[in-house]
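Trainee: Dumping the structure here so I can ask a few things about it.
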Amino acid sequence: MTKIFRFGVIGCGLMGREFASAAARWLHLADMKARPEIIAVCDTNTTLLDWFRDNVPTVRQFTADYKELLANPEVDAIYCAVPHVLHQQFYIDVLKAGKHLLGEKPFGMDAAQNREIMAELAEHPELLVRCSSEMPFFPGAQKVIALAKSGEMGDILEVEAGFLHSSDIDRQKPINWKRMADINGEYGCMGDLGMHVLHVPLRLGWRPQTLHAQLVKKVTERPDGKGGMLPCTTWDNATISSRVRTGDQDFPMVLKTWRIAPGESNTWYIRILGMKKSAFFSTKSPRQWQWMDYNGGAQAWSTEDLGYGSLFPAITGKIFEFGFADAIQQMWAAFVDELAGRNANGFACATPAEAQAHHAVLTAALKSGREDAVVSVDYDGATI
């Protein structure tokens with residue numbers, strides 16, 4: 001019998017609706033032992049609540065007060081998608097209420113807030129807590145990860161990972177909270193995109209030891225939507241050049257979180273170059289991955305069309321393409337699978353420890369960018 005986990009959604013914007021869509025088509029997944037059911041939603045914007053009222057018939061509680069939702073004894077788990085400044089209070093309250101949590105990145109507006117969340121989490125070992133990061137669930141990304149884990153790549157020459165947007169190149173784009181440091185946090189683009197970029201490297205055990213960051217702020221003000229202008233106080237782009245040292249590897253790693261990347265819509269990618277094998281995947285070519293073997297002969301990249309070969313099998317035939325909505329559903333499948341006591345088919349969602357490590361990297365990058373200096377990454381006590 002399929003086990004049902006009853007979810008509450010706090011924050012009913014874009015990603016809250018994406019979760020609702022993924023849950024509504026759960027029958028798309030094959031042989032799942034558990035499924036989510038959204039029974040409660042919370043947002044201060046009543047229009048967003050109306051969307052759930054019109055489209056998600058399983059919802060029985062609609063509220064503008066998240067504490068009312070957390071007091072609902074029928075809710076087993078929470079998906080929380082609120083502005084960064086609210087992470088600390090909301091996530092801690094979720095944990096105190098005894099609810100499992102999938103939270104959004106960066107999992108605390110800064111390292112200090114993240115430490116408070118982690119301290120509360122330590123008091124609740126019975127709860128499953130994960131951080132949202134869906135891009136590594138693309139089949140091509142999984143191929144790159146598997147090759148890196150195999151040890152067949154030899155000495156690593158360089159790793160590059162990035163998440164690139166282009167919409168902010170439009171100076172007339174109205175401002176939103178992600179361009180306001182008091183709500184988004186001082187990290188700017190790094191806070192919103194950094195977990196996506198660091199998820200795979202951290203999962204592979206590749207922690208930057210030192211780094212130098214180039215932080216870019218090109219757009220200093222944006223329209224307020226009311227005929228005036230407001231200051232943009234967050235970084236637009238960040239390029240982090242780091243050095244990774246593990247037991248048997250020592251290599252450079254470049255991390256890019258760009259909101260002004262001309263021509264890019266929503267591109268996530270990872271490139272790993274090794275002495276024996278190399279690999280590359282980008283969401284610009286979602287059904288393909290590339291690799292190269294070097295054994296003394298010609299050096300030529302091979303490209304494979306993957307089709308729909310997802311981590312969690314689905315009813316879609318393998319000849320068809322995988323997309324962003326599928327990655328969202330695969331991430332949710334991994335979370336629900338863990339809730340059911342299973343192993344997420346070997347690739348869990350981003351863990352709180354990984355979120356904490358990414359805060360250390362972003363804190364060091366912020367310091368480096370401000371001081372134009374190479375700095376060490378402090379994984380024990382990062383402060384801004």
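Trainee: Can you work out which of the residues in region 254-275 that are β-branched (Val, Ile, Thr) and closer than 20 Å to Gln290 by Cα is most open to solvent (accessible area, probe 1.4 Å)?
Mentor: Filtering first and then ranking leaves Val254.
Trainee: Answer yes or no as to whether His100 is open to solvent by 30 Å² or more (accessible area, probe 1.4 Å), closer than 27 Å to Val200 by Cβ and of a type outside the set (A, V, I, L, M). Quick ask: steps written out before the conclusion?
Mentor: Numbers: open to solvent by 30 Å² or more (accessible area, probe 1.4 Å): yes; closer than 27 Å to Val200 by Cβ: yes; of a type outside the set (A, V, I, L, M): yes.
It is true that His100 is open to solvent by 30 Å² or more (accessible area, probe 1.4 Å), closer than 27 Å to Val200 by Cβ and of a type outside the set (A, V, I, L, M).
Trainee: For the subset of region 39-82 comprising residues that are assigned to a loop (DSSP other than H, G, I, E, B) and within 13 Å of Ala20 (Cβ to Cβ), which member is most open to solvent (accessible area, probe 1.4 Å)? Before you say what the answer is, go through the steps one by one.
Mentor: First, the residues of region 39-82 that are assigned to a loop (DSSP other than H, G, I, E, B): 43-45, 56-60, 64-65, 71-76, 81-82.
Narrowing further to those that are within 13 Å of Ala20 (Cβ to Cβ): 43, 56-59, 81.
Details: Asp43: 27, Val56: 18, Pro57: 125, Thr58: 49, Val59: 14, Ala81: 29 Å².
Once the filter is applied, the top-ranked residue is Pro57.
Trainee: Here is a follow-up. When you scan region 134-155, how many residues do you find that are outside any helix (DSSP H, G or I) and without any contact (Cβ under 8 Å) to a residue 60 or more places away in the chain?
Mentor: Number satisfying all stated conditions: 1.
Trainee: Condition first: farther than 20 Å from Trp268 by Cα and free of Cβ contacts under 8 Å to residues at least 40 places away in the same chain. Now tell me which residues in region 318-365 satisfy that.
Mentor: Within region 318-365, Lys318, Ile319, Phe320, Gly341, Asn343, Ala344, Asn345, Gly346, Ala353 meet the criteria.
Trainee: Another question about this same structure. I need a count of the residues in region 285-304 that are at pLDDT 95 or above and of a type in the set (D, E, K, R).
Mentor: Qualifying residue count for the region: 2.
Trainee: Looking at region 247-259, can you tell me whether even one residue there is assigned to a loop (DSSP other than H, G, I, E, B), in the same structural domain as Tyr187 (by the TED database) and at pLDDT 95 or above?
Mentor: The answer is yes; a qualifying residue exists.
Trainee: Of everything in region 156-187, what is under 16 Å from Asn114 (Cα atoms) and either aromatic (Phe, Trp, Tyr) or without any contact (Cβ under 8 Å) to a residue 60 or more places away in the chain (or both)? Give them in sequence order.
Mentor: Within region 156-187, Tyr187 is the sole residue that qualifies.
Trainee: Name the one entry in Trp289, Trp332 that is more than 26 Å from Ile4 (Cβ to Cβ), buried (at least 19 other Cβ atoms within 10 Å of the Cβ), of a type in the set (Phe, Trp, Tyr) and outside the structural domain of Met15 (by the TED database).
Mentor: Residue meeting the stated conditions: Trp289.
Trainee: Here's a follow-up. What number of residues in region 183-210 are closer than 14 Å to Met253 by Cα, surrounded by 24 or more Cβ atoms within 10 Å (Cβ to Cβ) and out of contact with any Pro (no Cβ under 7 Å at 6 or more places or on another chain)?
Mentor: So the count comes out to 4.
Trainee: With the requirement that a residue be in a loop (DSSP other than H, G, I, E, B) and not charged (D, E, K, R), what does region 111-133 give you? Quick ask: steps written out before the conclusion?
Mentor: Filtering region 111-133 for residues in a loop (DSSP other than H, G, I, E, B) gives 122-128, 132-133.
Ala122, His124, Pro125, Leu127, Leu128, Ser132, Ser133, listed by residue number.
Trainee: Also, quick follow-up: Quick check on my filter: what residues within region 24-38 are open to solvent by 70 Å² or more (accessible area, probe 1.4 Å) and either outside the structural domain of Val9 (by the TED database) or assigned to a helix (DSSP H, G or I) (or both)?
Mentor: Correct list: Ala24, Leu27.
Trainee: While we're here: How do the pairs read when you match residues in region 1-12 that are part of a loop (DSSP other than H, G, I, E, B) with residues anywhere that are among the polar types (S, T, N, Q), using Cβ under 9 Å and keeping only pairs 6 or more apart or on different chains?
Mentor: Cys12/Asn45
Trainee: Take region 149-177 and flag every residue that is hydroxyl-bearing (Ser, Thr, Tyr) and either touching a Gly at 6+ places or on another chain (Cβ under 7 Å) or exposed (fewer than 12 other Cβ atoms within 10 Å of the Cβ) (or both).
Mentor: The answer is Ser150, Ser166.
Trainee: Next question, about the same structure. It is to be established whether one or more residues within region 246-253 are more than 21 Å from Ala355 (Cα to Cα) and buried (at least 17 other Cβ atoms within 10 Å of the Cβ).
Mentor: yes
Trainee: If you don't mind, another one. Tell me whether region 351-373 contains one or more residues that are open to solvent by 20 Å² or more (accessible area, probe 1.4 Å), part of a loop (DSSP other than H, G, I, E, B), under 27 Å from Lys143 (Cβ atoms) and of a type in the set (Ser, Thr, Tyr).
Mentor: Yes, some residue in region 351-373 is open to solvent by 20 Å² or more (accessible area, probe 1.4 Å), part of a loop (DSSP other than H, G, I, E, B), under 27 Å from Lys143 (Cβ atoms) and of a type in the set (Ser, Thr, Tyr).
Trainee: Name the single residue that is nearest to Asn345 (Cα to Cα) among those in region 301-316 being outside any strand (DSSP E or B) and open to solvent by 60 Å² or more (accessible area, probe 1.4 Å).
Mentor: As a first pass, look at region 301-316 and keep what is outside any strand (DSSP E or B): 301, 306-313, 315-316.
With the extra rule that they be open to solvent by 60 Å² or more (accessible area, probe 1.4 Å), the set shrinks to 301, 313, 315.
Working: Trp301: 29, Pro313: 10, Ile315: 17 Å.
Once the filter is applied, the top-ranked residue is Pro313.
Trainee: So, restricting to strands (runs of 3 or more DSSP E) that lie completely within region 159-237, which ones have at least 1 residues that are under 27 Å from Tyr379 (Cα atoms)?
Mentor: Details: elements: 208-216, 221-223, 229-231.
Qualifying strands (runs of 3 or more DSSP E): 208-216.
Trainee: Same structure, new question: Here's a check for you: in region 339-350, which residue that is in a helix (DSSP H, G or I) and among the hydrophobic types (A, V, I, L, M, F, W, C) is least open to solvent (accessible area, probe 1.4 Å)?
Mentor: So, considering only residues that are in a helix (DSSP H, G or I) and among the hydrophobic types (A, V, I, L, M, F, W, C), the one least open to solvent (accessible area, probe 1.4 Å) is Ala344.
The values are calculated or read from the model by the stated rules, or taken from the named source; none is laboratory data. Predicted, not measured: the structure shown is a model, and the values here were computed from it. Every residue, glycine as well, gets a Cβ built from its backbone with ideal geometry; the counts of neighbours run over all protein chains shown. These area figures cover heavy atoms from the full protein model, side chains too; ligands, DNA and RNA do not enter into them. Shrake-Rupley method; radii C 1.70, N 1.55, O 1.52, S 1.80 Å.
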